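Just so it is clear, none of the values below were taken in a lab; they were calculated from the coordinates. In this text, all values refer to a predicted model and were calculated from it rather than measured experimentally. All Cβ positions, even for glycine, are placed from backbone atoms using ideal geometry, and neighbour counts span all protein chains on display.
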Amino acid sequence: MGGASALTPWRCDAGRPNPGRPGTSTGRHRSSSEDRSDRLRCRACGEAITESDARTEIAGSHAHTFVNPAGLVFEIGCFARAPGCVGVGEPQPFFSWFPGYAWRVAACGGCRAHLGWSYGDGPQFHGLILDRLVTEPTARP
Ligand SMILES: [Zn+2]
């Protein structure tokens, strides 16, 4: 019958394991150079949004690729916190890319550009569109 696919209007490529890729989060030594935290800024206005050490893994991966109903592809990264973002609107429980998490739009606190989405009634984590952020390495004198 194939009717089940009608319940998933947005395709999610993140749920599958990625056998061709070596594990990046287990069994690897953390070198001391990774202790520093890079700042991630809004590409549009330069507002500090979050930091690289706020990265977290959701559903087994930090980065996820999603396709919305219009065919646009978003590569998002999951962050435990994003103090530079502001939530827009009420949390929506429908059509979440992460089942079980209500979502709302996350906008830049500086210029209100759409940077991604916040998930969970807390919110619990943020999925930010990586292409809309710029990484600023922490300068060390
Ligand atoms: Zn901005």
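Tabulated results
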item: Assigned charges on the beta-carbon of Lys, Arg, Asp, Glu; segment 37-136 dipole about Cα centre (debye); result: 200 debye
item: Bins of 10 Å from zero: percent of alpha-carbon pairs in segment 37-136; result: 17, 53, 28, 1
item: Amide H contacts under 5 Å for ALA113, placed H, 5+ residues apart; result: CYS108
item: Residue order, fewest to most beta carbons within 10 Å, for GLU47, GLU57; result: GLU57, GLU47
item: Neighbour-count ranking [beta-carbon atoms within 10 angstrom, fewest first] of ARG36, ARG55; result: ARG36, ARG55
item: Fewest-first ranking of GLU51, GLU90, GLU75, using other Cβ atoms within 10 Å as the exposure measure; result: GLU90, GLU75, GLU51
item: Label point distance in nm, GLN124-ASP38, each placed 7 Å from Cα along Cα→Cβ; result: 2.8 nm
item: Inter-label distance, nm, simple model (7 Å from Cα along the C-beta direction), VAL67/GLN92; result: 2.0 nm
